[in-house]
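Encoded as structure tokens, the structure appears first; notes follow it.
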Amino acid sequence: MGPAGAVAQVTLSRPAVHNAFDASLIAELRTTFAALAREGPMALRAVVLRGEGPSFCAGADVSWMRAAMALDVEGNEHDAMAMADMFETVDSCPAPVVARVHGSALGGGMGLCAVADLVVAESGTRFGFTETRLGILPAVISPFVLAKIGETHARALFPGGRRFDAVRAQRIGLVHEVVEGEAALDAAVAAALADLLAAGPTAARAAKAIVREVRGLGHGSAKWHTARVIARQRTSEEAQEGFRSFAEKRRPAWARDPDAD
């Protein structure tokens, strides 16, 4: 956990295989984020997702995929659904998720970038939807990736499986900030966390949630839904404290004193 226990650090810890997915890692990620989802707004303000060792996440473990080839269609569907559930659990985490990306983010690692709210990458990171180079395709991650980068970039990048750099990843919207070196990467993550910790805890969660909530709504439904959401938030004690602190020129009660660190 981070400052005042309010920031959770989730680390992919299979460095020998560049944090590639297998059934165990998929299950652990799903369990971890399901537990984090039960934390209240003050207890959990943000989550940092990172990879141990030389890479963020190099996709699926080749040995695990080779074993899957021996399964029938039903067995493969079960494996794929477990991975889809994991991505959905990360995507729907109530607290904002910041991905700290370095080394490589390939295949399923791209899916993790897609379900993170803010992605900060080291400039030397290599990205790619590399599944077709193995004769498969980026199917399970596609709903999350399409929501992040759009159809035009998916159509250009999915079929060929070419790897690309952090600059292109930022240009298509998969990455939000590119920095030079791991010290700068840590500093950028710290700055992102400072922003999140300055925001109202329930307001930050509601602001994240509304992106998902209006995604499939028509104009009329979205209008009524957003009006209800802002009405509830405006009348909350958190909003009252936010406006009082602004008028009184002081930090709101939820904001940390930087001199206390």
| query | (1) in contact with a helix residue (DSSP H, G or I) (Cβ under 8 Å, 6 or more places away or on another chain); (2) over 21 Å from ARG14 (Cβ atoms): which one isn't true of GLU74, the others all being true? | reply | (1)
| said: Condition (residue is farther than 27 Å from VAL47 by Cα and either touching a His at 6+ places or on another chain (Cβ under 8 Å) or crowded, with 21+ Cβ neighbours inside 10 Å (or both)) applied to segment 134-147: is it met by at least one residue? | reply: no
| Residue within segment 44-51 that is assigned by TED's automatic domain parsing to the domain that holds LEU157, part of a loop (DSSP other than H, G, I, E, B) and over 18 Å from LEU174 (Cβ atoms) present | yes
| Among the residues of segment 170-193, how many are touching a helix residue (DSSP H, G or I) at 6+ places or on another chain (Cβ under 8 Å) and either closer than 22 Å to ALA6 by Cβ or hydroxyl-bearing (Ser, Thr, Tyr) (or both)? | 3
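Evaluate the following for SER55: is it buried (at least 18 other Cβ atoms within 10 Å of the Cβ), hydroxyl-bearing (Ser, Thr, Tyr), over 15 Å from the mean Cα position of the chain (by Cα) and at pLDDT 95 or above?
Taking the combined requirement at face value, the residue satisfies it.
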| said: Testing ALA27 on (1) over 16 Å from the mean Cα position of the chain (by Cα); (2) modelled with pLDDT of 95 or more; (3) surrounded by 15 or more Cβ atoms within 10 Å (Cβ to Cβ); (4) of a type in the set (Gly, Ala, Ser), one condition comes back false. Which one is that? | reply: (3)
| request: Using the structure shown, decide if ALA95 is part of a loop (DSSP other than H, G, I, E, B) and either surrounded by 14 or more Cβ atoms within 10 Å (Cβ to Cβ) or of a type in the set (Phe, Trp, Tyr) (or both). | output: yes
| remark: Per the filter on segment 205-234, residues surrounded by fewer than 10 Cβ atoms within 10 Å (Cβ to Cβ) and not in a helix (DSSP H, G or I) are ARG215, GLY216, GLY218
| remark: With criteria (1) touching a residue at least 40 places away in the same chain (Cβ under 8 Å); (2) out of contact with any helix residue (DSSP H, G or I) (no Cβ under 7 Å at 6 or more places or on another chain), CYS57 comes up short on (2)
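The values are calculated or read from the model by the stated rules, or taken from the named source; none is laboratory data. None of the values given here were measured: they were computed from a predicted structure. Positions of Cβ are generated from backbone atoms using ideal geometry, with glycine treated the same way; all protein chains shown enter the neighbour counts.
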